[in-house]
1. Sort out which residues of segment B:17-56 are more than 13 Å from chain A (Cβ to nearest Cβ), part of a loop (DSSP other than H, G, I, E, B) and open to solvent by less than 20 Å² (accessible area, probe 1.4 Å), and write them in order of number.
2. Just one of (1) more than 10 Å from the chain's Cα centre (by Cα); (2) away from chain B (no Cβ under 14 Å) trips up A:Asn51, so point out which.
3. Could you list, in sequence order, all residues of segment B:84-108 that are within 11 Å of another protein chain (Cβ to nearest Cβ) and more than 12 Å from the chain's Cα centre (by Cα)?
4. So is A:Arg26 of a type in the set (Lys, Arg) and in a strand (DSSP E or B) or not?
5. Looking for whichever is open to solvent by less than 40 Å² (accessible area, probe 1.4 Å), assigned to a strand (DSSP E or B) and touching a His at 6+ places or on another chain (Cβ under 8 Å) here; the options are B:Val64, B:Val110. Which one fits?
6. How many residues are surrounded by 13 or more Cβ atoms within 10 Å (Cβ to Cβ) and touching a strand residue (DSSP E or B) at 6+ places or on another chain (Cβ under 6 Å) if we restrict to segment A:73-87?
7. With respect to the numbered conditions (1) farther than 21 Å from B:Gly97 by Cβ; (2) within 14 Å of the chain's Cα centre (by Cα); (3) not aliphatic (A, V, I, L, M), which one is the sole condition not fulfilled by A:Gly84?
8. If you take the residues in segment A:88-102 that are open to solvent by 10 Å² or more (accessible area, probe 1.4 Å) and in contact (Cβ under 8 Å) with a residue 40 or more places away in the chain, which one is nearest to the other protein chains (Cβ to nearest Cβ)?
Amino acid sequence: DSGVTQTPKHLITATGQRVTLRCSPRSGDLSVYWYQQSLDQGLQFLIQYYNGEERAKGNILERFSAQQFPDLHSELNLSSLELGDSALYFCASSSGGGTEAFFGQGTRLTVV
Amino acid sequence: DQQVKQNSPSLSVQEGRISILNCDYTNSMFDYFLWYKKYPAEGPTFLISISSIKDKNEDGRFTVFLNKSAKHLSLHIVPSQPGDSAVYFCAASVGYGNKLVFGAGTILRVKS
């Protein structure tokens, strides 16, 4: 158990809809990262938050947004969903000071 | 533009022998390298890391070698065990605690 909790584990929704993925980082970790893994591909970095502030942005679509709350949990919002958004979405956390990132079990999103 | 490449999609090794997984990178700014292992339906699990000031790091059966001039790193697993069968991802970052750039992964199968 990495200590990073993601909910829900599975999500099936229709095109055009909006969903919210939630992540609780390891206790004490200030950094939260979101990654997307599409079929047969590596993990693609979406966005990073550090202590509530956006720190880095990757190839995140404009239809996607994220935030980190004062209690350090994070949410990834995906809107106007398309079939191609179907993927595994992973959250990871780190203390931000030289340690590796620990990953949650992921949320499998299926857009139908 | 793939900055981190794992050119072998899969590798099959006999139990007890050495497994060698390879990774190449193109961004000379990368200074922190990690290996993650991933089982189906689970998130990536951190395995071992190395900073660019070193050329070798060892942790039990796992050793990572870094050749900066060749922009190449490898993970050696000795001896390989059936439980090592998983997908192995190489990742790199510029600075500690920053976003990770992942390779596409190598599927390792250890035969008993």
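1. Across segment B:17-56, the qualifying residue is only B:Phe30.
2. Looking at each condition in turn, A:Asn51 falls short on (2).
3. B:Ser93, B:Val94, B:Gly95, B:Tyr96, B:Gly97, B:Asn98, B:Lys99, B:Leu100, B:Val101
4. Details: of a type in the set (Lys, Arg): yes; in a strand (DSSP E or B): no.
The answer is no for A:Arg26.
5. Details: B:Val110 fails: touching a His at 6+ places or on another chain (Cβ under 8 Å).
Going through B:Val64, B:Val110 in turn, just one is open to solvent by less than 40 Å² (accessible area, probe 1.4 Å), assigned to a strand (DSSP E or B) and touching a His at 6+ places or on another chain (Cβ under 8 Å): B:Val64.
6. Step one: of segment A:73-87, the residues surrounded by 13 or more Cβ atoms within 10 Å (Cβ to Cβ) are A:73-81, A:85-87.
Applying the additional criterion that residues be touching a strand residue (DSSP E or B) at 6+ places or on another chain (Cβ under 6 Å) yields A:73-78, A:81, A:85-87.
Count: 10.
7. Going through the list (1) farther than 21 Å from B:Gly97 by Cβ; (2) within 14 Å of the chain's Cα centre (by Cα); (3) not aliphatic (A, V, I, L, M), A:Gly84 breaks only (2).
8. Restricting attention to segment A:88-102, the residues satisfying the condition of being open to solvent by 10 Å² or more (accessible area, probe 1.4 Å) are A:88, A:95-100, A:102.
Applying the additional criterion that residues be in contact (Cβ under 8 Å) with a residue 40 or more places away in the chain yields A:88, A:95-96, A:102.
Details: A:Leu88: 9, A:Ser95: 8, A:Gly96: 4, A:Phe102: 7 Å.
Ranking the candidates gives A:Gly96 first.
The values are calculated or read from the model by the stated rules, or taken from the named source; none is laboratory data. In this text, all values refer to a predicted model and were calculated from it rather than measured experimentally. Glycine also receives a Cβ, built like all others from the backbone with ideal geometry; neighbour counts cover every protein chain displayed. These accessible areas exclude ligands, DNA and RNA; they are computed on the full protein's heavy atoms, side chains included. Shrake-Rupley method; radii C 1.70, N 1.55, O 1.52, S 1.80 Å.
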